[in-house]
Amino acid sequence: MKKYIQAVGIWFLIIPLAILNGGLRENVLNKLGSISLPLSGIILSICIFVIAYLLIPKIKNCKSKDYIIFGVIWFLLTNLFDLFMFINEGGGMKDLLNSYNFLNGNLWILVVITSFLSPIVVSNIKGKRRDINV
């Protein structure tokens, strides 16, 4: 159970980065025009992966399934956080689902896929899985 709490704690470090990324988009990137929204999604995805790369290997005694569970937890928390933000701004589930539409330049789907895959990819890169026979 401790490793899952640690994974959630690591995910919480993403929140300030996401908020800063939103501020960057609103105050700087929007001046670039239609590229601002996809660029913001790419920047946040990179931030998520970097956090995972630096901190997921610090969680001890993990097996392959743990990294998958970390990814599922991060995916759910990321979507719940975004839904909360939409609700806080007077929106709701419809707005969250609309953010998955990449045809309008929104790369939210990249962000949630990155949230899901980063712990798994990092475990493969770092070779930290204990149930792999080398």
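No value in this document is a laboratory result; all are computed from the given coordinates. Just so you know, these numbers come straight off a predicted model, no measurement behind them. No Cβ is skipped: glycine too gets one built from the backbone with ideal geometry, and neighbour counts run over all protein chains shown.
Overview of results
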| item | result |
| --- | --- |
| Inter-label distance for Ile109 and Leu13, nm, one decimal - labels placed 7 Å from Cα along Cα-to-Cβ | 3.0 |
| Proximal lysines relative to Lys63, as straight alpha-carbon distance under 20 Å, when same-chain residues fewer than 8 apart are discounted | Lys2, Lys3, Lys126, Lys128 |
| In order through the stretch 34-39: 3J(HN,Hα) via Karplus (6.51 cos²θ - 1.76 cosθ + 1.60), integer Hz, x for Gly, Pro | 5, 7, 4, 5, x, 5 |
| Per DSSP, loop trypsin sites (Lys or Arg not before Pro) in the stretch 41-75 with at most 13 further Cβ within 10 Å | Lys60 |
| Packing-based exposure ordering (other Cβ within 10 Å, fewest first) of Phe70, Phe102, Phe84 | Phe84, Phe102, Phe70 |
| Segment Leu20-Lys126, extension gain: residue separation times 0.36 nm, minus the distance between their alpha carbons | 35.4 nm |
| Relative contact order (percent, whole number), the chain, Cα cutoff 8 Å, 6+ residue spacing | 33 |
| Fewest-first ranking of Met1, Met93, Met85, using other Cβ atoms within 10 Å as the exposure measure | Met1, Met93, Met85 |
| The stretch 112-118 - phi-based ³J(HN,Hα) in whole Hz, Karplus 6.51/-1.76/1.60, Gly and Pro as x | 6, 5, 4, 4, 6, 7, 4 |
| Reference-scaled alpha-carbon Rg (2.2 N^0.38 Å with N residues) for the stretch 40-109 | 1.31 |
| Per-residue Cβ neighbour rank within 10 angstrom, fewest leading, Leu24, Leu44, Leu32 | Leu32, Leu24, Leu44 |
| Cα pair distances exceeding 24 angstrom across the chain, given as percent | 32 |
